[in-house]
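Here is the structure we will look at, set down as structure tokens.
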Amino acid sequence: MTEKWTTATIPGQHGRVAVVTGANTGLGFETAKALAERGASVVLAVRNVEKGRQAAARMTGDVTVQALDLTSLDSVRTAAAALRSRYERIDLLINNAGVMYTPKQTTRDGYEMQFGTNHLGHFALTGLLLDRLLPVPGSRVVTVSSTGHRIRAAIHFDDLHWQRSYSRAGAYGQSKLANLMFTYELQRRLAVHGTTVAVAAHPGLSSTELVRNSPAALRLPLTALAPLITQTPAMGALPTLRAATDPAVLGGQYYGPGGRFEIKGHPRLVTSSAGSYEVAVQQRLWAVSEDLTGVTFPSAATAAKAAR
């Protein structure tokens, strides 16, 4: 295996369909662009369709745009229905889109914005599209988390939507922890039939628009120090791309930058916080997520039947 994994390492993706959320800018753009260049048919699933079209025009290959607003479960259902009608199979679902450190606000369904967008929206989208992945050998669900999952690392079941006392960083950390717990529980459920796997990744500290909602006291130092402590979106996308395409990847793994403190560098296998591996909490979060979204995933028997 090449020590420094790059986009040049990506195997040919011809004949594969990849859906990438939040693909009009930043990490999602670089992820989609690299997959398209390697031959995949790529869907940019984005909130702003016009920006999605502009992004697609900057890519080469088979690239289309699908409207998707993760802050609205109605939009998620509409997008999933459109994708299901267009594609009999999906090889890669990359849950990349996200918001960070937003002021206190809610999604259209009344859920805390970061938890609702980063976790619940992707949970629902995955459940609604999963039967398009299950029959496809080598298919993957890749969900992008963050080192921020260690911030106040807990799922606050007693106040999931931070109604009593809001913390931008705490809510973000909860949403990114939820991304990992979702991945690990999804992999446990997928393992019964062995065709589709769930993998997680994080970009380290990348220079993207994601920090635009950060308080000025944090945003300004990050901006000033960016050349020293951050990496480009193209580098930040590499862990996601490796999780999505490296033949050696196994379900339930987590990829991030290989440099010191996982801030930047070429992608490698990493580990998440000890709390993220707590099975009972993963299963409780799953049940709560099904209840909040109204989306129930295919059962093991359904999955096995779809895989035949």
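Oblate is the label for region 32-94. Its Cα gyration tensor axes, ordered a ≥ b ≥ c, give a/c of at least 1.5 and b/c at or above a/b. Fewest Cβ neighbours within 10 Å first, please rank SER175, SER272, SER165 accordingly. Going from sparsest to densest Cβ surroundings: SER165, SER272, SER175. Result for the chain in a Gaussian network model with C-alpha springs under 10 Å: among VAL19, VAL43, VAL249, the largest mean-square fluctuation is at VAL249. Counting beta carbons within 10 Å around each of MET100, MET181 and listing the fewest first gives the order MET100, MET181. For the chain, set up a GNM with springs between Cα atoms under 10 Å and report which of PRO298, PRO203, PRO247 has the largest fluctuation. Checking each option, the largest mean-square fluctuation is seen for PRO247. If R0 is 25 Å, the Cβ-Cβ spacing of ALA287 and ASP131 corresponds to a FRET efficiency of close to 0.75.
FRET efficiency for the ALA8 to ARG108 pair, using the beta carbon distance and R₀ = 35 Å, is estimated at 0.25.
Just round it to a whole percent: the fraction of Cα-Cα distances in the chain exceeding 27 Å. The answer is 36 percent, as a whole percent.
Considering only DSSP beta bridges whose two residues both sit in the chain, what percent are antiparallel, to the nearest 5?
Working: 4 of 29 bridges.
The antiparallel fraction comes to roughly 15 percent.
Karplus-based coupling profile of region 270-276, in residue order and whole Hz: 10, 10, 9, 4, 4, x, 5, with θ = phi - 60° in 6.51 cos²θ - 1.76 cosθ + 1.60 and x standing for Gly or Pro. The mean sequence separation of alpha-carbon pairs under 8 Å and at least six residues apart, normalised by the residue count of the chain, gives a relative contact order of 18 percent.
Close Lys pairs in the chain (alpha-carbon distance under 21 Å; sequence gap of 8 or more, or different chains): 6. Computed from backbone phi with θ = phi - 60° and the Karplus coefficients 6.51, -1.76 and 1.60, the 3J(HN,Hα) list for region 143-158 is 10, 8, 9, 6, 5, x, 5, 8, 6, 6, 5, 7, 8, 8, 4, 7 Hz; x is used for glycine and proline.
The order of the peptides 277-286, 132-141, 232-241 by mean Cβ neighbours within 10 Å, most packed first, is 232-241, 132-141, 277-286.
Could you give the size of the charge dipole of the chain about its Cα centre, using +1 on the Cβ of each K and R and -1 on the Cβ of each D and E, expressed in debye and rounded to the nearest 20? Please list the in-between numbers first.
Details: 32 positive and 21 negative charges, 70 e Å.
About 340 debye.
Given a 10 angstrom Cα cut-off, can you work out which residue in ASP69, ASP131, ASP246 is the most mobile in a GNM of the chain? Highest fluctuation of the listed residues: ASP246.
How far is the Cα center of region 173-209 from the Cα center of region 7-49, in Å? Here the answer is 18 Å between Cα centres.
In order along region 239-245, phi translates into HN-Hα couplings of x, 5, 5, 5, 4, 7, 10 Hz, rounded to whole numbers, per the Karplus curve 6.51 cos²θ - 1.76 cosθ + 1.60 with θ = phi - 60° and x for Gly and Pro. Taken along the Cα-to-beta-carbon direction at a fixed 7 Å, the label points for ARG58 and SER167 span 3.5 nm.
Taken together, the values in this text are just the output of simple stated rules run on the coordinates, not laboratory data. As the structure is a computational prediction, the values presented were derived from the model and not from experiment. Positions of Cβ are backbone-derived with ideal geometry, glycine not excepted, and every protein chain shown enters the neighbour counts.
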